[in-house]
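Enquirer: Below you will find the structure I want to go over with you.
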Amino acid sequence: MFDFNIVTQWLDTLLMSFLPAWATVLIECVLVALAIITLYAVFAIVMIYMERKVCAWFQCRLGPDRVGPWGLLQVFCDVLKMMTKEIVNFRKTDQLLHRAAPFLVVTASMVTFSCLPWNKGAQIIDFNVGVFFFLAISSIGVVGILLAGWSANNKYSLIGAMRSGAQIISYELSIGMIMLAMICLTGTMSFSEICQQQENLGWNIIRGHVPAVLCFILYLIAGNAECNRGPFDMPEAESELTAGYHTEYSGMDFGYYYLAEYMNLFICAGIAATIFLGGWAAPLIPDWEMWNEIMLYVPGFVWFLMKVFFVLMLLLWERWTFPRLRIDQLLNLEWKYMLPMTMALLVVMAICVSFGFIWN
Amino acid sequence: MENKSYFSGLFSGIKSLCTGLKVTGRELFTKKVTERYPENRKNNTVSERFRGVLAMPHNENNEHKCVGCGICEMNCPNGTIKVESEMVEVDGKKKKQLVRYIYDHGSCIYCMLCTRSCPHGAITFQPEFESAVFSREALVKQLNKPGSKCAEKPAPARPAVAPKPATTADVTTPVAPAAPESDDKVAKLVAAAKKAADNAAAAKVAAEEAAAKAAAAPEDADLKAAADEAAAKAAKLAIVADNVAKKVAEAQA
């Protein structure tokens, strides 16, 4: 398996050979930041295009196919439109918070984005409490959403923000429980170690069998809710709240929310791929020497992206099938069904792990 | 919605969600229904029933079926159709003939009242939908082709009702030939009487049919109502026919 550490270490020694330590660190930080922003933008565009096409297929349509071949340029046109649009500021809004809110949302999603393990050795943020850090940092987005609703001085925005806050905080509990169950299985919180372990011992969803599969399904539901996406897109509720917390945003300020929504979906799928489907680990089968050798030729980031897009398809399938929930049904689902189930799963997983009912 | 217990509600919910997923999952792989319109206009097909534009079909002899009665014009809710006709004398009989059938596509609401009410099926809607032109005037069309004429009706035009009237018309029909008077008025009355008798007979047949239908499906309230209505209509027409017959008798006397 290709180890990305070779590249980073070569670059590091190269820079260190003729630059002082501080300059090396500075240049490396800039390069990493550039990489994150580029990947973020590229995947946002891919995601928006994929969403449109896949949703059209689910609805027996073709999707965008007018601008460019197969509508490939459609997203670029939309981005261009959004960037050239005027940013409107209203007099009675809280100007500072109103402008700051989208950046908070985007920052939160970018930091969580950099937690993703792309390849062996190609991980930007990686330390021993990675999963915990991920859960903590992803909650910052809620602050941005609440600020957006509050500062807009608009009752629709406020209601949308309150709903979104209630929803995200509730479903974060489920996600936390699911993560705990999986950490129970892996015994580590570091994303790189989780991936390495899955390469050596097999994917978590197979190792953890029944409880892990149930965790995966519940994670898909909670993840969609966490991203404010249908059937849990109550905060937007365009028919009753005229778009919810981002009613008063225009131009690129609105674009940031749009971007963050799609990237949160990508991150959600990426974490699912890492925790359950082995991240960059190839599907290795014991005693199948030929198979394993071929699988190891495929670089890790290809495996990772394949898994991410597989999970994305599942999330989109869910999103374009189910009708939107009412806010009370939505909270009912979380507090009366999802949370007890995830708690029970945590206990089941703990029992399985402690009595050795796992496949290695 | 019935109240279910926690677990049965949960499982039935999961079941219905899976049904939904199955439906959309299948839809993902079905052939897409989107039409790439301007590209596929060569072999694009529209449903036969699509109401695109009103047309008057002509046969190979440049003949149409319109007799210029103007029923379509009367039925049109917003004056889209103008029927211009003239009286001509054919074999000593005065006959209405269509001159121009003007259809203003710009004000048509495609309600189809004209084609439904046409007694001769002379007009239909065609599924052509590329109707855009650069001026309102271009939307006003003449539907009968220049030099066309009304197709001569084949001889057994109304055989379905003609043989039947023996039942009710037997009262009046013998009267007509028995009248030796060459008075115009009486002849007209006799003709009217005959027509009324025909109508009554036709209505009676219709009523009988409707009654038979209603009897076949006794639980269908609509059919029964239709049968009652037809019966009432037949009775009314029979009375009319009787009245006319009386008048004829008076005139002959």
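Enquirer: Could you give me the residue pairs with C-beta distances under 7 Å whose first residue belongs to region B:19-36 and is over 22 Å from A:ASP65 (Cβ atoms), whose second residue is in a loop (DSSP other than H, G, I, E, B) wherever it lies, and which are 6+ apart or on separate chains?
Expert: Note: pairs meeting the criteria are B:GLY20/A:THR321; B:GLY20/A:PHE322; B:LEU21/A:THR321.
Enquirer: If you scan region A:336-356, which residues turn out to be under 27 Å from A:ILE159 (Cβ atoms) and surrounded by 14 or more Cβ atoms within 10 Å (Cβ to Cβ)? Before the answer, list the steps.
Expert: The first filter runs over region A:336-356 and keeps only residues under 27 Å from A:ILE159 (Cβ atoms), leaving A:336-339.
Matches in region A:336-356: A:TYR337, A:MET338, A:LEU339.
Enquirer: Continuing with this model, one more query. Just one of (1) part of a helix (DSSP H, G or I); (2) more than 13 Å from chain A (Cβ to nearest Cβ) trips up B:THR24, so point out which.
Expert: It is condition (2) that B:THR24 fails.
Enquirer: When A:GLY278 is evaluated against the numbered criteria (1) of a type in the set (Gly, Ala, Ser); (2) away from every other protein chain (no Cβ under 14 Å); (3) assigned to a helix (DSSP H, G or I), which criterion, by number, is the only one it fails?
Expert: (3)
Enquirer: Now a separate question. Of a type in the set (D, E, K, R) and at pLDDT 85 or above, is that true of A:GLU289?
Expert: Working: of a type in the set (D, E, K, R): yes; at pLDDT 85 or above: no.
Considered against the rule, which asks whether it is of a type in the set (D, E, K, R) and at pLDDT 85 or above, A:GLU289 comes out as no.
Enquirer: Scan region B:130-144 and tell me whether some residue there is closer than 30 Å to B:MET87 by Cα, of a type in the set (Val, Ile, Thr) and modelled with pLDDT of 90 or more.
Expert: If we filter region B:130-144 for residues that are closer than 30 Å to B:MET87 by Cα, which is where we start, we get B:137-144.
Checking the rest, the ones that are also of a type in the set (Val, Ile, Thr) come to B:140.
Adding the requirement that they be modelled with pLDDT of 90 or more leaves B:140.
Yes, region B:130-144 contains at least one residue that is closer than 30 Å to B:MET87 by Cα, of a type in the set (Val, Ile, Thr) and modelled with pLDDT of 90 or more.
Enquirer: Of the residues A:ILE194, A:ILE178, A:ILE206, only one is aliphatic (A, V, I, L, M), buried (at least 17 other Cβ atoms within 10 Å of the Cβ) and within 12 Å of A:LEU135 (Cβ to Cβ); which? Walk me through how you get there before you give the answer.
Expert: Values: A:ILE194 fails: within 12 Å of A:LEU135 (Cβ to Cβ); A:ILE206 fails: within 12 Å of A:LEU135 (Cβ to Cβ).
Selected residue: A:ILE178, the only one of A:ILE194, A:ILE178, A:ILE206 that is aliphatic (A, V, I, L, M), buried (at least 17 other Cβ atoms within 10 Å of the Cβ) and within 12 Å of A:LEU135 (Cβ to Cβ).
Results for (1) in contact with a His (Cβ under 7 Å, 6 or more places away or on another chain); (2) modelled with pLDDT of 80 or more; (3) in a helix (DSSP H, G or I), shown as yes or no for each residue.
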{"position": "A:GLU193", "(1), (2), (3)": "no, yes, yes"}
{"position": "A:GLU199", "(1), (2), (3)": "no, yes, yes"}
{"position": "A:ILE206", "(1), (2), (3)": "no, yes, yes"}
{"position": "A:ALA212", "(1), (2), (3)": "no, yes, yes"}
{"position": "A:ALA222", "(1), (2), (3)": "no, yes, yes"}
{"position": "A:PRO235", "(1), (2), (3)": "no, no, no"}
{"position": "A:SER239", "(1), (2), (3)": "no, no, yes"}
{"position": "A:GLU261", "(1), (2), (3)": "no, yes, yes"}
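Enquirer: Here is a follow-up. Looking at B:LYS188 and the list (1) more than 28 Å from B:LYS93 (Cα to Cα); (2) surrounded by fewer than 21 Cβ atoms within 10 Å (Cβ to Cβ), which single condition is not satisfied?
Expert: Of (1) more than 28 Å from B:LYS93 (Cα to Cα); (2) surrounded by fewer than 21 Cβ atoms within 10 Å (Cβ to Cβ), only one is false for B:LYS188: (1).
Enquirer: Still on this structure: How many residues does region A:101-112 contain that are surrounded by fewer than 21 Cβ atoms within 10 Å (Cβ to Cβ) and not β-branched (Val, Ile, Thr)?
Expert: Restricting attention to region A:101-112, the residues satisfying the condition of being surrounded by fewer than 21 Cβ atoms within 10 Å (Cβ to Cβ) are A:103, A:106-107, A:110-111.
Next cut, not β-branched (Val, Ile, Thr) only: A:103, A:110.
Qualifying residue count, region A:101-112: 2.
Enquirer: Could you check A:TYR257 against (1) out of contact with any Pro (no Cβ under 7 Å at 6 or more places or on another chain); (2) buried (at least 18 other Cβ atoms within 10 Å of the Cβ); (3) away from chain B (no Cβ under 14 Å); (4) part of a helix (DSSP H, G or I) and say which number it fails?
Expert: Result: A:TYR257 passes all but (1).
Enquirer: Kindly indicate whether B:GLY92 is closer than 30 Å to B:GLU130 by Cβ, surrounded by fewer than 15 Cβ atoms within 10 Å (Cβ to Cβ) and of a type in the set (Gly, Ala, Ser).
Expert: Working: closer than 30 Å to B:GLU130 by Cβ: no; surrounded by fewer than 15 Cβ atoms within 10 Å (Cβ to Cβ): yes; of a type in the set (Gly, Ala, Ser): yes.
Considered against the rule, which asks whether it is closer than 30 Å to B:GLU130 by Cβ, surrounded by fewer than 15 Cβ atoms within 10 Å (Cβ to Cβ) and of a type in the set (Gly, Ala, Ser), B:GLY92 comes out as no.
Enquirer: Does A:GLY71 satisfy the criteria of being touching a residue at least 40 places away in the same chain (Cβ under 8 Å), surrounded by 15 or more Cβ atoms within 10 Å (Cβ to Cβ) and at positive phi? Can you show your working first?
Expert: Working: touching a residue at least 40 places away in the same chain (Cβ under 8 Å): no; surrounded by 15 or more Cβ atoms within 10 Å (Cβ to Cβ): yes; at positive phi: yes.
When the stated conditions are applied, A:GLY71 does not pass them.
Enquirer: Would you check which residues across region A:10-24 are among the β-branched types (Val, Ile, Thr), closer than 22 Å to A:SER114 by Cα and loosely packed, with under 14 Cβ neighbours inside 10 Å and list them?
Expert: Within region A:10-24, the first condition is being among the β-branched types (Val, Ile, Thr), and the residues that meet it are A:13, A:24.
From what is left, the residues that are closer than 22 Å to A:SER114 by Cα are A:24.
Scanning region A:10-24 gives no hits.
Enquirer: Something else now. Is it true that A:VAL302 is crowded, with 17+ Cβ neighbours inside 10 Å and either within 19 Å of A:ARG207 (Cβ to Cβ) or of a type outside the set (Phe, Trp, Tyr) (or both)?
Expert: Values: crowded, with 17+ Cβ neighbours inside 10 Å: no; either within 19 Å of A:ARG207 (Cβ to Cβ) or of a type outside the set (Phe, Trp, Tyr) (or both): yes.
No; evaluated as a whole, the condition is false for this residue.
Enquirer: Could you list, ordered by first residue, the pairs with Cβ atoms under 6 Å in which the first is in region A:45-60 and within 13 Å of another protein chain (Cβ to nearest Cβ) and the second is of a type in the set (Asp, Glu), at least 6 apart or interchain?
Expert: These pairs meet every condition: A:PHE58/B:GLU27; A:CYS60/B:GLU27.
A quick yes/no check of all residues on (1) without any contact (Cβ under 8 Å) to a residue 12 or more places away in the chain; (2) out of contact with any helix residue (DSSP H, G or I) (no Cβ under 7 Å at 6 or more places or on another chain); (3) surrounded by 10 or more Cβ atoms within 10 Å (Cβ to Cβ):
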| residue | (1), (2), (3) |
| --- | --- |
| B:GLU48 | no, yes, no |
| B:PRO57 | no, yes, yes |
| B:CYS66 | no, yes, yes |
| B:CYS72 | no, no, yes |
| B:LYS96 | no, yes, yes |
| B:CYS114 | no, no, yes |
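Enquirer: To continue, here is another question. Being at pLDDT below 90, outside any helix (DSSP H, G or I) and more than 14 Å from chain B (Cβ to nearest Cβ) narrows it down to one residue among A:LEU325, A:LEU284, A:LEU331; which is it?
Expert: Working: A:LEU325 fails: more than 14 Å from chain B (Cβ to nearest Cβ); A:LEU331 fails: outside any helix (DSSP H, G or I).
Answer to the selection: A:LEU284.
Enquirer: Among (1) modelled with pLDDT under 90; (2) within 14 Å of another protein chain (Cβ to nearest Cβ), which single condition is A:GLU28 missing?
Expert: The one condition A:GLU28 does not meet is (2).
Enquirer: Taking the condition within 14 Å of another protein chain (Cβ to nearest Cβ) and outside any helix (DSSP H, G or I), does B:LYS32 pass? Walk me through it before giving the result.
Expert: Details: within 14 Å of another protein chain (Cβ to nearest Cβ): yes; outside any helix (DSSP H, G or I): yes.
Spelling it out, B:LYS32 is indeed within 14 Å of another protein chain (Cβ to nearest Cβ) and outside any helix (DSSP H, G or I).
Enquirer: In addition: Looking at the structure I just gave you, is A:LEU97 among the aliphatic types (A, V, I, L, M) and over 24 Å from A:ALA272 (Cβ atoms)?
Expert: Working: among the aliphatic types (A, V, I, L, M): yes; over 24 Å from A:ALA272 (Cβ atoms): yes.
So A:LEU97 passes the test.
Enquirer: Looking only at region A:83-100, decide whether some residue is in contact (Cβ under 8 Å) with a residue 40 or more places away in the chain, within 14 Å of chain B (Cβ to nearest Cβ) and either loosely packed, with under 15 Cβ neighbours inside 10 Å or under 26 Å from the mean Cα position of the chain (by Cα) (or both).
Expert: No.
Enquirer: Collect the residues in region A:163-182 that are closer than 27 Å to A:ALA148 by Cβ and among the β-branched types (Val, Ile, Thr), keeping them in residue-number order.
Expert: Within region A:163-182, A:ILE168, A:ILE169, A:ILE175 meet the criteria.
The values are calculated or read from the model by the stated rules, or taken from the named source; none is laboratory data. On a predicted model such as this, the values are computed, not experimentally measured, just so you know. Cβ atoms come from the backbone with ideal geometry, glycine included; neighbour counts cover every protein chain shown.
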